[in-house]
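One structure is given here, and the rest of the page talks about it.
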Amino acid sequence: MRDEPLQRRAEDGPSLSAQVGAKAARKLRARRHPESGIWFGLGMMGLIGWSVVVPTLLGALTGMWLDKHYPGRHAWTLSLLVAGLVLGCWNAWHWVAKEEKAMRQESEHRDA
């Protein structure tokens with residue numbers, strides 16, 4: 001009778017000491033790597049946003065300058081705005097993929 005609750009608790013999930021150990025390890029990792037906090041995440045979102053905005057604006061401004069100084073049949077503003085947007089999105093995607101790969105490698109290294 002007395003052993004039954006202990007067996008049921010063991011089957012339910014990890015023991016209390018395992019949970020405490022996992023939380024302590026996670027806390028120590030967070031202290032060693034402060035760049036994984038909420039401010040770091042918000043900063044990265046801003047960095048990714050600017051990596052798209054800057055080429056888009058540069059493309060639009062360059063197109064406006066070309067349209068003003070070298071008028072022609074076709075407008076450069078929209079073309080270069082789209083080119084800047086595509087370049088910025090590719091840049092952001094490339095950067096995020098690189099960061100994700102580094103995080104995955106760090107996670108695998110930590111688990112090994």
Within the set of pairs 6 or more residues apart or between chains, which connect a residue that is over 19 Å from L57 (Cα atoms) inside region 83-107 to a residue that is assigned to a helix (DSSP H, G or I) and not hydrophobic (A, V, I, L, M, F, W, C) with Cβ atoms less than 9 Å apart?
W95/S51; M103/S36
Quick count over region 43-59, residues being closer than 18 Å to A83 by Cβ and either in contact (Cβ under 8 Å) with a residue 40 or more places away in the chain or not in a helix (DSSP H, G or I) (or both), is 2
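Every number in this text was worked out from the coordinates using simple rules, so none of it is lab data. Quantities reported herein were computed from a predicted structural model and do not represent experimental measurements. Quick reminder, even Gly has a Cβ in these numbers, built from the backbone with ideal geometry, and neighbours come from all protein chains shown.
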